[in-house]
1. Is there a residue being among the β-branched types (Val, Ile, Thr), at pLDDT 85 or above and farther than 23 Å from LEU74 by Cα anywhere in the stretch 137-156?
2. If you check THR234 against the conditions, is it assigned to a helix (DSSP H, G or I) and at pLDDT below 85?
3. Read through the list (1) among the aliphatic types (A, V, I, L, M); (2) exposed (fewer than 11 other Cβ atoms within 10 Å of the Cβ); (3) at pLDDT 80 or above; (4) not assigned by TED's automatic domain parsing to the domain that holds GLY11, then give the number of the only condition that VAL174 fails.
4. Just to verify a result, which residue in the stretch 90-117, among those that are of a type in the set (A, V, I, L, M) and farther than 28 Å from GLN30 by Cα, is modelled with the highest pLDDT?
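The values are calculated or read from the model by the stated rules, or taken from the named source; none is laboratory data. Bear in mind that the values here come from a model prediction, so they are computed numbers and not experimental data. Glycine gets a Cβ as well: all are built from the backbone with ideal geometry, and neighbour counts include every protein chain shown.
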Amino acid sequence: MKITSSHILWGIFIALLLVLLPHTAWFFAQFESQEVITVFGYEASFLNSFIPYAAAFAFEAAIAALVHRLAEHLEKAKVKPGNQPMWVRKVLARYANIYSLALLIVVSISSIANYAHAVEFGQPIKVFVQLGIPLAVYAVVAGAVLPFCSLLFARVLSNVIDTEQEADPELERVRAQAKDTERKYKEQAQDLTKQIQAISKQLDETNRKQAETEKKFGDYLGLLAEDKKTRVLTARAIWPDLAYSGLEVITGAKAGYISEVLNNNKPAVALNGHGKPAGNGAE
């Protein structure tokens, strides 16, 4: 798996939460009984430490989960047109939601816990003493401010591109027209497809009927040919005993032409002087 900057940032954020975890656990421990917890008559002193750590882990895990959901929301949030200033609409679109509210609550509790830990165990630092900075100031910086970095991480972990451009009405109108045109073209394409399918079905039916007709009257189709020779040969094949006069009527050819065609095809049909197969003896 390729490691991206998002993975690194998440690693840093998780490390930050792990740093805050013992401080939050100490804070919750102050509200627990100092007596050793017993289970079924047996002392379970480890529970005295486990319960505060479990509560602290739940809070820090809640911060991680809410940061993740808020980051996803920031990526999808769309700034709507309105009369308010752009920055107001951005804040409302991105942070006026349940994720921000829940994150603010758990981060506030974590900040209070870390600030209390910093005040409880913090020692004066020489450089700050020389500068006249009271302990409470850097206790706030080291304790209370640190958890609020989670709110910033939600913004950093999201892939939001800021823009100060307002929605262009003309561009929106063109986009709407394009969508409407696309919809109409799709409808026309669907109608055309249906028409093509109907025509194709009709052609298939016509071809089927034509095939049936050719199968039924295939021997007679040669009589409809434009070529006289084909008509003469077809008529002779169908009516081998028909006289030249009959062939003239059917084929529309003269007797001389009929005789020429039939004589040139003697290997197939040998005719006597009356245009009948030789050997029949009938005129």
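1. Scanning the stretch 137-156 turns up no residue that is among the β-branched types (Val, Ile, Thr), at pLDDT 85 or above and farther than 23 Å from LEU74 by Cα.
2. Considered against the rule, which asks whether it is assigned to a helix (DSSP H, G or I) and at pLDDT below 85, THR234 comes out as yes.
3. All conditions pass for VAL174, except number (2).
4. Ranking the qualifying residues of the stretch 90-117, first place goes to ILE98.
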